[in-house]
Amino acid sequence: MNVNLNLIITNLPFLIKGALTTIVITFFAFLLGLFLGLFVGIGRTSKIKLFRIPSSLYVQFIRGTPLLVQIFILYFGLPSAFNINLNSYVAGILALGINSGAYIAEIVRSGIQSIDRGQIEAARSLGMTHAKAMQYVILPQAFRRILPPLGNEIIILLKDSSLVSTIALPELLFNGKLVASRTYDYFSMYLGVAFVYLILTWAASQLVSYIERRFAIP
Amino acid sequence: MIKVKDLHKKFGDLHVLKGISAEIKQSEVVVILGVSGSGKSTFLRCINRLEEPTSGQIWFDNKLITDPEADINRIRQHVGMVFQQFNLFPHRTAIDNITLAPIKLKGVEPLIARKLAEELLQKVGLGDKADYYPSQLSGGQQQRVAIARALAMEPQVMLFDEPTSALDPEMISEVLNVMRDLAKEGMTMVVVTHEMGFAREVADRLILIDKGVIVEEGTPEDFFNNAQNERTKAFLGKIL
Ligand SMILES: Nc1ncnc2c1ncn2[C@@H]1O[C@H](COP(=O)(O)OP(=O)(O)OP(=O)(O)O)[C@@H](O)[C@H]1O
Ligand SMILES: [Mg+2]
């Protein structure tokens, strides 16, 4: 049992190519998740049932089912049922984005609910509508408060994106798997893959703490 | 300016206000007294409908604000409120707390809003604190910024809910002085407070609420020197 460093190094460009794809799909999935999570999270706190109930069904469904199953539904299920063929990039980004949207919605909801009641009362007493109070008073504060859990969510997403290797999307794990099965040195290659993920997650957490500092309130 | 008729408020089974009727005239300073839990805050918060009254009518400037059709957001622009816990927006500097509503609600030009806010900060004695965040200010300073924030909307009446109760003793007078000046300028004010000195000196009229009803109403003179009602005497006995 020894690690073939040479093998890792010679295949590093190929792994990095996969890592770039991982970054790209994580980025777009996170954007989609943020967009969904913001609306669904606000919807979860709404007084209006028409917003609240679908929001909570979505969150329940996504959190109650495995991500891998969600990926398979989009990639294998849609073509067979509705003749909708998504290429693996679209299916992967959609599945990851819709999945993280549910978790981000919960982060957004708890962020909004963590803001002291006095804040909305002060805003409303000045004459702001509920929407304006949200926009200028509640969300800017909630945003800062949810940065740490959002950062955590990016890191989870980055790691979970490895699941789309199962639909032949050539990201980091997929590329590693190709080399491993060609050379039979699974141990070295998967260690190499793990190491590249480690660098990605480390970089992401640095970025997040930079953003946290940037938006800190004295 | 404000007229309240047979106001009731229930929280579930808890009947907090049991038929309050009152009138507040232009430029009048009315102090509301009462023991803890008597319904003072609830009454004040019904006036700008931060609490929805269960029944009864409230008029502001001859407009029926308890009408479900009333544009409550517009009405609130004319009714300033100051809270016990200040409730400044912690993510904005003092001056940005003050300019937010005029800019976003009245469409005042940012530069003009800023100028007005600077004048208001001068007026509450905080001309040099414009760019401080709330967390960098003392309680008394925060409450004065909160008063300036409410004044920036140029309200016709100001509601104060125990504005000095959360303050250290040495900061109480700086807030009361600002309120006293405001009263002198002719601002209409409804003040819930336990500061008897302020009530005696500044109020035109005192209202004592007990268990959700008004038990006594009168000038400070009547109130402190010739209280008739047993419950008023009991209250004064406790507080003085
Ligand atoms: N949102 C609410 N839900 C349920 N009960 C409430 C609510 N707000 C107030 N109450 C109850 O109504 C009663 C009157 O409360 P209120 O805050 O008006 O009293 P207060 O006279 O202002 O007292 P304090 O001097 O302690 O501020 C209290 O028994 C209180 O527990
Ligand atoms: Mg109170």
- Do you know which residues across the stretch B:6-17 are more than 16 Å from ligand 2 (Cβ to nearest atom) and surrounded by fewer than 16 Cβ atoms within 10 Å (Cβ to Cβ)? B:D6, B:K10, B:G12, B:D13, B:H15
- Query: Exactly one of (1) within 16 Å of ligand 1 (Cβ to nearest atom); (2) buried (at least 23 other Cβ atoms within 10 Å of the Cβ) is unmet by B:R144. Its number?
  - Reply: (1)
- Item | Residue within the stretch A:75-94 that is among the small types (G, A, S), out of contact with any Ser or Thr (no Cβ under 7 Å at 6 or more places or on another chain) and within 14 Å of chain B (Cβ to nearest Cβ) present | no
- For the stretch A:161-173, state whether one or more residues are modelled with pLDDT under 90 and surrounded by fewer than 18 Cβ atoms within 10 Å (Cβ to Cβ). yes
- Message: So in the stretch B:4-17, with the set limited to residues that are of a type in the set (K, R) and within 15 Å of ligand 1 (Cβ to nearest atom), which one is nearest to the other protein chains (Cβ to nearest Cβ)?
- Response: B:K9
- How about the stretch A:37-58: which of its residues are surrounded by 19 or more Cβ atoms within 10 Å (Cβ to Cβ), under 14 Å from A:A131 (Cβ atoms) and under 19 Å from the mean Cα position of the chain (by Cα)? A:I42
- Being within 21 Å of B:A183 (Cα to Cα), within 14 Å of ligand 1 (Cβ to nearest atom) and small (G, A, S) narrows B:S41, B:S27, B:S36 down to just B:S41
- Query: If A:L178 passes every condition in (1) buried (at least 21 other Cβ atoms within 10 Å of the Cβ); (2) in contact with a Pro (Cβ under 9 Å, 6 or more places away or on another chain) but one, which one does it miss?
  - Reply: (1)
- The helices (runs of 4 or more DSSP H) lying entirely within the stretch B:111-205 that contain at least 1 residues which are under 24 Å from B:A101 (Cβ atoms) are B:139-151, B:169-184
- So, of the residues in the stretch B:81-110 that are in a loop (DSSP other than H, G, I, E, B) and at the interface with chain A (Cβ under 7 Å from one of its Cβ atoms), which turns out to be farthest from the chain's Cα centre (by Cα)? B:H91
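Quick one: would you say B:I20 is near ligand 1 (Cβ under 9 Å from one of its atoms), part of a strand (DSSP E or B), closer than 18 Å to B:E217 by Cα and in contact (Cβ under 8 Å) with a residue 40 or more places away in the chain?
Numbers: near ligand 1 (Cβ under 9 Å from one of its atoms): no; part of a strand (DSSP E or B): yes; closer than 18 Å to B:E217 by Cα: yes; in contact (Cβ under 8 Å) with a residue 40 or more places away in the chain: yes.
When the stated conditions are applied, B:I20 does not pass them.
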- With respect to B:Q26, is the statement that it is assigned to a loop (DSSP other than H, G, I, E, B) and within 16 Å of ligand 2 (Cβ to nearest atom) true? no
- Taking the stretch B:59-98, which residues are within 16 Å of ligand 1 (Cβ to nearest atom) and free of Cβ contacts under 8 Å to residues at least 60 places away in the same chain? B:N87
- Considering each of A:S165, A:S100 in turn, give the residue that is closer than 24 Å to A:I62 by Cα, away from chain B (no Cβ under 14 Å) and free of Cβ contacts under 8 Å to residues at least 60 places away in the same chain. A:S165
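Do you know which of the residues in the stretch A:208-218 that are without any contact (Cβ under 8 Å) to a residue 40 or more places away in the chain and more than 14 Å from every other protein chain (Cβ to nearest Cβ) is farthest from B:Y133 (Cα to Cα)?
Taking the candidates together, the pick is A:Y210.
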- Residues being of a type in the set (A, V, I, L, M, F, W, C), under 11 Å from the mean Cα position of the chain (by Cα) and within 14 Å of chain A (Cβ to nearest Cβ) - total across the stretch B:160-180: 1
- Item | Top-ranked residue of the stretch A:59-100 - restricted to ones that are among the hydroxyl-bearing types (S, T, Y) and in contact with a Leu (Cβ under 8 Å, 6 or more places away or on another chain), ranked as surrounded by the fewest Cβ atoms within 10 Å (Cβ to Cβ) | A:Y89
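In the list B:V190, B:V157, which residue meets the criterion of being within 14 Å of another protein chain (Cβ to nearest Cβ), within 16 Å of ligand 2 (Cβ to nearest atom) and more than 16 Å from B:F86 (Cα to Cα)?
Sole residue among the options that is within 14 Å of another protein chain (Cβ to nearest Cβ), within 16 Å of ligand 2 (Cβ to nearest atom) and more than 16 Å from B:F86 (Cα to Cα): B:V190.
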- Message: Looking only at residues that are surrounded by fewer than 20 Cβ atoms within 10 Å (Cβ to Cβ) and within 16 Å of ligand 2 (Cβ to nearest atom) in the stretch B:35-80, which one is nearest to the other protein chains (Cβ to nearest Cβ)?
- Response: B:E51
- Query: Before we move on, is B:A166 touching a helix residue (DSSP H, G or I) at 6+ places or on another chain (Cβ under 9 Å), within 20 Å of A:A123 (Cβ to Cβ) and buried (at least 22 other Cβ atoms within 10 Å of the Cβ)?
  - Reply: no
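The values are calculated or read from the model by the stated rules, or taken from the named source; none is laboratory data. Quantities reported herein were computed from a predicted structural model and do not represent experimental measurements. We place every Cβ from the backbone using ideal geometry, glycine too, and count neighbours over all the protein chains shown.
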